[in-house]
1. Modelling each spin label as a point 7 Å along the Cα-to-Cβ direction, I'd like the Cys48/Trp25 distance in nm, to one decimal.
2. Between Gln69 and Glu57, how many nm apart are label points set 7 Å from Cα along the C-beta direction?
3. Can you tell me the equivalent ellipsoid semi-axes for the stretch 27-74? Use √(5λ) from the Cα gyration tensor, largest first, whole Å.
Amino acid sequence: MERCLTADDEGPPAIPANREIGRAWPPRQEAEWRFDELRLAVYRYVVCTGLPEADAEEVVQETFLRLYQHLEKRGRWGRW
C-alpha cells in the first residue's frame, strides 16, 4: 500500500517564477499546473482513507477534471 502523508513530505507547491502575482492563468494551464503539483498528495490521501489504488486513481482524475471544468466556467481558482 502507498505510504500516507508524513512530515517528510515536501511543503505546498511553489509558484513558478514566470507566474505574475495576481494574474490568472488560462484555465487549462492552471489545471495542469495544479494536477502536476498536487496529484500525488491527493492520491496518497485517498489511498490512506482505504480505497484501493485503482479507485484512488479514478478519484484523482475526477477531482482535477472537476477543477478544470470549474475554471472553464468561472475562470478563477477561488472556492469550488
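No value in this document is a laboratory result; all are computed from the given coordinates. These figures come from a predicted structure and were not determined experimentally. Note that we place each Cβ from the backbone using ideal geometry, even for glycine, and neighbour counts take in every protein chain shown.
1. So the label points at Cys48 and Trp25 sit 2.5 nm apart.
2. Result: 2.2 nm between the two label points.
3. Square roots of five times the eigenvalues give 22, 10, 7 Å.
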